[in-house]
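For reference, the structure is listed below as structure tokens.
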Amino acid sequence: QVQLVESGGGLVQAGESLTLSCAASGRTFGNSAMAWFRQTPAKERDFVAAISWSGLNKHYGDSVQGRYTISRDNAKNTVYLQMNSLKPEDTAVYYCAAAAHLSYAPRAYEYWGQGTQVTVSS
């Protein structure tokens with residue numbers, strides 16, 4: 001079993017930056033691919049970013065490409081999401097997830113955190 005806990009969400013103004021963290025614990029071996037998704041009550045859960053175990057393979061959703069950076073510190077079992085130039089449309093609950101392989105689809109990920117709210121005001 002893998003446990004994921006997100007932190008770092010909050011309220012920011014448009015154009016500001018915010019960094020989220022996702023701490024992993026439990027039996028993480030075999031679920032080394034990590035990703036971030038986001039969701040609002042009226043929308044489906046959308047892909048944000050994903051990263052391989054080595055950190056060399058990264059993917060970003062079109063809406064965040066060039067503004068967000070995903071990274072990880074395997075010694076700390078922690079994944080980060082640096083969000084720059086935030087826009088009101090970035091407002092959502094952000095979730096981290098773990099799976100055996102990278103994917104853009106939420107259904108491919110076996111483990112999920114509880115989510116952290118990010119609100120961007122205009």
key: Tail weight of P(r) past 20 Å, computed on alpha-carbon pairs of the range 1-57, percent   = 39
remark   = When every protein chain stays in place and a 1.4 Å probe is rolled, 62, 90 sorted by accessible area with the largest first are 62, 90
Charge-dipole axis of the chain as Lys and Arg at +1 and Asp and Glu at -1 on Cβ define it, positive-most pick from 54, 114, 103 = 54
Carbon/sulfur fraction of accessible area - the chain, other protein chains in place, 1.4 Å, % = 49
Two-site FRET efficiency, residue 122 against residue 46, from Cβ-Cβ distance with R₀ of 22 Å, rounded to 0.05 = 0.65
Accessible area (Å², per residue) of the range 1-65, counting only protein heavy atoms and a probe of 1.4 Å = 56
ask   = Using 7 Å Cα-to-Cβ label points, what is the residue 105/residue 39 separation (nm, one decimal)?
value = 1.7
request  = Could you pull out every residue, at least 5 positions away or on a different chain, whose amide H is within less than 5 Å of the one on residue 86? Hs are placed 1.01 Å off N in the peptide plane, and Pro or chain starts have none.
outcome  = 15, 16
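The values are calculated or read from the model by the stated rules, or taken from the named source; none is laboratory data. Predicted model only: the values in this text are computed from it and were never measured. Glycine also receives a Cβ, built like all others from the backbone with ideal geometry; neighbour counts cover every protein chain displayed. Keep in mind that these areas ignore ligands, DNA and RNA; they rest on the heavy atoms of the full protein, side chains included. Shrake-Rupley method; radii C 1.70, N 1.55, O 1.52, S 1.80 Å.
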